[in-house]
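The values are calculated or read from the model by the stated rules, or taken from the named source; none is laboratory data. All of these numbers come straight from a predicted model, not from anything done at the bench. Here the Cβ is made from the backbone with ideal geometry for all residues, glycine too, and neighbour counts use every protein chain on show. Keep in mind that these areas ignore ligands, DNA and RNA; they rest on the heavy atoms of the full protein, side chains included. Shrake-Rupley method; radii C 1.70, N 1.55, O 1.52, S 1.80 Å.
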Amino acid sequence: MKKQHFLIYMSLVTCFLLVSTTSTAQLKDRISINGYSSFEFEYQLSDEGRGDPNGSFDADLFDLVFNIEATSRLRFVTDITWEHGAALEDGRGNVAIEYAFPEYTVKEWLKFRAGKMFVPFGIYNEIHTAKPAFLAVKEPLSTNKPHKFGAEERFYPRWATGISILGNFSIGNASGDYHLQMSNGEQENTNPFEEDDNTQKAFAGRVRVNPIPDLKIGASFYNDFLTEFDINDNPTFDRTTLTSYGAQLEYQNQKFGCEFEFVKGNFKPSAGDSQKKYGIEAMFFYTIKNAFTPYLRYEFLEPDIDIDNDNANMISFGLNSMIDDRFFLKLQYNYITSGNLNDRYSGVTSSEFQAALVLGF
């Protein structure tokens, strides 16, 4: 009897190991893991400014990106990030899900997503954490982070929870892609990734076209209706309209490249004057020996077109060096000027040095 029990036990263990091995092999074939990290240094060179006068190292981020092929048509994608040496029990840094959504492919020109996603707008918003994907140390403030350049708010929220339709297309010799998104939009007192605080939804979209292989032209829009609150912080039936649109151009051949982005936004409360702002970013670069890419970038932000002397400007000189495959050293010098009424810089001229070691894998 004991021998029979032992044989049954060994048979079960063998079956479990075979199933586990098979499942592991199947799972390994269906999951791919990628990621990136960025280690940075910042130092304010001028006596005044909004940079870092101490010259600080920053464990900026470490991201893992999981791509799970559930079926031939269905995949699940998520990006988990650890920012600034995250140690939450000490109240330091941040851990977040950048995005998490299933994507179902009907055709290459028709795909569906549902979940937490980046808002599809402009050049940088969907790649801002993927530091190996762009030349500079940081994404441009003027078009992607205007609230850090003197504006009261962004042109559009960074993330959204909702549904999307997207795909790739070709017309003759031209190719392109589109992305349309409906979401809860931005909220003030509720979690926009869990519920909406009004019945109206936010809409965003972008279309990009490659008329020739080296050139990409695109246009974006975002529209939302934000809930307004009374003096007791209770929601009212009034809405503030947030509308933004943008245009982008990217060109790159084997050595020379440039990009240009223009974004304009209108923040219109139900009562009172609207606030219109716009941002411009332009960059030129040239690659030497497939490893060294010096670049020049210009940024301009007008936080409110009805207020004089509140704009901000930044000229950046940089060098992106490829140390190894997908491993980069970025060096950048920023020179910043602004109007006296700029909320962040208040007319102070400043300069700063930035560096980053960036790895993609």
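Brief remarks on what is shown
- What the Kirkwood sum gives for the range 261-361 is a hydrodynamic radius of 15.8 Å, with every pair of different alpha carbons counted.
- Only protein atoms count toward the accessible area here, which uses a 1.4 Å probe; on the chain, the carbon and sulfur part of that area reaches 60 percent.
- Each peptide in 233-240, 141-148, 284-291, 87-94 gets a packing score, the mean of other Cβ atoms within 10 Å over its residues, and the list from highest to lowest is 141-148, 284-291, 233-240, 87-94.
- Computed 3J(HN,Hα) for the range 163-169, one whole-Hz value per residue from the Karplus formula 6.51 cos²θ - 1.76 cosθ + 1.60 where θ = phi - 60°, is 10, 9, 10, 8, x, 10, 9, glycine and proline marked x.
- Put a dot 7 Å past the Cα of Val209, heading toward its Cβ, do the same for Ala70, and the two dots end up 3.5 nm apart.
- Most positive-pole-ward Cα, Cys258, Ser32, Ile280, against dipole of the chain from beta carbon charges: Ser32
- Here the Gaussian network model covers the chain, with springs between Cα atoms less than 10 Å apart; of Leu341, Leu27, Leu226, Leu27 fluctuates the most.
- The rule of thumb for compact globular proteins, 2.2 N^0.38 Å, goes into the C-alpha radius of gyration of the range 228-308 1.69 times.
- Over the range 45-98, the hull volume per residue, using the convex hull of the C-alpha atoms, is 122 Å³.
- Candidates Val137, Val77, Val207, ranked by Gaussian network fluctuation over the chain, Cα under 10 Å, top entry: Val77
- The range 178-211-the range 215-284 distance, computed between alpha-carbon centres (Å): 13
- Cα convex hull of the range 316-361 - mean projected area over all directions, nm²: 3.9
- Solvent-accessible area of Tyr278 with every protein chain in place, 1.4 Å probe, in Å² to the nearest 10: 60
- Only Cα sites of the chain enter the Debye sum here, all with the same form factor; the resulting log10 I(q)/I(0) across q = 0.08, 0.09 1/Å is -0.49, -0.60, listed in q order.
- As a size descriptor, the averaged projected area of the C-alpha convex hull of the range 58-208 was calculated at 11.6 nm².
- Per-residue SASA remark: His84, around 90 Å² accessible (1.4 Å probe; ligands, DNA and RNA not included).
- When the Gaussian network model of the chain links Cα atoms closer than 10 Å, the mean-square fluctuations of Ile280, Ile97, Ile336 top out at Ile97.
- Taking a sphere under 9 Å around the Cβ of Trp159 and counting the other residues whose Cβ falls inside, with K and R at +1 and D and E at -1, yields a net charge of +1.
- Accessible surface for the chain, divided over its residues, is 54 Å² per residue with a 1.4 Å probe.
- Remark: the chain carries a charge dipole of roughly 2040 debye about the Cα centre, counting +1 on each Lys and Arg Cβ and -1 on each Asp and Glu Cβ.
- Solvent exposure ordering (accessible area, 1.4 Å, most first) of Ser220, Ser170, Ser175: Ser170, Ser175, Ser220
- Our estimate of slack between Thr337 and Ala271, defined as 0.36 nm per intervening residue step minus the Cα-Cα distance, is 20.4 nm.
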